[in-house]
1. Select from segment 86-113 the residues that are assigned to a loop (DSSP other than H, G, I, E, B) and crowded, with 16+ Cβ neighbours inside 10 Å and write down the one among them that is nearest to the chain's Cα centre (by Cα).
2. Under the condition of being over 28 Å from Asn269 (Cβ atoms) and not basic (Lys, Arg), which residue from segment 226-238 is most open to solvent (accessible area, probe 1.4 Å)?
3. Does Asn76 satisfy the condition of being open to solvent by 80 Å² or more (accessible area, probe 1.4 Å), modelled with pLDDT of 85 or more and under 21 Å from Val106 (Cα atoms)?
4. Does Ser259 satisfy the criteria of being assigned to a loop (DSSP other than H, G, I, E, B), touching a Phe, Trp or Tyr at 6+ places or on another chain (Cβ under 7 Å) and hydroxyl-bearing (Ser, Thr, Tyr)?
5. Six or more apart or on different chains, Cβ under 8 Å: which pairs go from a residue in segment 197-221 that's modelled with pLDDT of 95 or more and among the aliphatic types (A, V, I, L, M) to one that's open to solvent by less than 30 Å² (accessible area, probe 1.4 Å) and assigned to a loop (DSSP other than H, G, I, E, B)? Could you list them?
6. In segment 205-234, what residues are small (Gly, Ala, Ser), outside any strand (DSSP E or B) and over 14 Å from Ile162 (Cβ atoms)?
7. I'm trying to understand the selection: among the residues of segment 187-225, which are charged (D, E, K, R) and either surrounded by 20 or more Cβ atoms within 10 Å (Cβ to Cβ) or within 15 Å of the chain's Cα centre (by Cα) (or both)?
Amino acid sequence: DLRSGQSRRMSFVPTGWGHFSLAFGKNGALLSCASTGLYRLPPGTEKGDRIITENVKAWTVCEDDSGRFWIGTDRNGLYSCAAGEHTALPFTQYNAFKTLAGAFIVYITQDKSGSLWVCADNGFYRIHPQKGVVARYWSGGTGEFYLPADHFNHFQLDTAGIFWIATNTGLLRVPSKIGPDGDRRPAWNTPAGKVYTRATGLSNDVIYAVYEDGQDNLWLSTDYGIIRLEKKTGRSRSYQVADGITHSEFNRAAHFQDSNGVIYFGSLNGITAFQPADIYESQDLLSDKALQITAFQQFDGAANKLIDRTGGLLRSREI
């Protein structure tokens, strides 16, 4: 129960085994990445199974269209496990992008064209299902492979074809283009590319996750609160513990949005879960109203006191 917090606790990973992140696989199965591998909890059950037999320190996982599991690790590269198998094999098709083999892999997902996207601490990578790693986007990239960041945590491709990418140095707004495979690719070198940071109003530059709601807003988990960003205006609002969140510091890989739009952000003190459409703020209703002047006082140095000059201001419309 998201409102009361009263629910049963279902545990299928043995006590003492470090857990890193959760994801949903095919048919609604809950996937758990742990220090000893990958675990699965089928829907409607309380008993899970260990998918792979090796002690692979899994940080993140993605189940692709074929049922293959792609597992990201901390400094040990990618692993994959074919559908129905229980053996995780090291990924080998790094091609000219061996840097991914030694990266901290934080997030993996598959797009509609079948390409896999990988967020790591040294780049944003694209993997072709048959050809292997085919692109790396980062601050050292040239031409179309340049992005103004190095440590990537998460991203979302919105309905307008914009990549919103969470990094350790801010949120990137990156337009896209259609590639030969029919997939969308980042196209930073356009006037529409932008970086959102503390300098533009965010409460923190370390962005762990970004999700879109149905009101054209983005919701970000950060090192200092949850941020709501209006995509059209760039205006942002930060939510802190006083607003009802569990903690001000959130974690990488600890995030999810379900099919109903509910967002889950994991922090140092549990999980903050909310439906963006339920959040009502009176100031939003007043954002397009004109400023009304009710009083104006100005300090007079010679008289050493505040003088009421409301009438003069209303007549001249100048200060």
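The values are calculated or read from the model by the stated rules, or taken from the named source; none is laboratory data. As the structure is a prediction and not an experimental result, all values here were calculated from the model. Here Cβ is always computed from backbone atoms with ideal geometry, including for glycine, and neighbour counts include all displayed protein chains. What goes into the accessible areas is simple: the full protein's heavy atoms, side chains included, and nothing from ligands, DNA or RNA. Shrake-Rupley method; radii C 1.70, N 1.55, O 1.52, S 1.80 Å.
1. Residue satisfying both the conditions and the ranking: Ala103.
2. Filtering first and then ranking leaves Thr233.
3. In short, yes.
4. On the way: assigned to a loop (DSSP other than H, G, I, E, B): yes; touching a Phe, Trp or Tyr at 6+ places or on another chain (Cβ under 7 Å): no; hydroxyl-bearing (Ser, Thr, Tyr): yes.
Considered against the rule, which asks whether it is assigned to a loop (DSSP other than H, G, I, E, B), touching a Phe, Trp or Tyr at 6+ places or on another chain (Cβ under 7 Å) and hydroxyl-bearing (Ser, Thr, Tyr), Ser259 comes out as no.
5. Leu218/Lys231; Leu220/Leu202
6. Of the residues in segment 205-234, the ones small (Gly, Ala, Ser) are 209, 214, 221, 225, 234.
If we keep only those that are outside any strand (DSSP E or B) as well, we get 214, 225, 234.
Gly214, Gly225, listed by residue number.
7. Within segment 187-225, the subset charged (D, E, K, R) is 194, 198, 205, 212-213, 216, 223.
Asp205, Glu212, Asp213, Asp223, listed by residue number.
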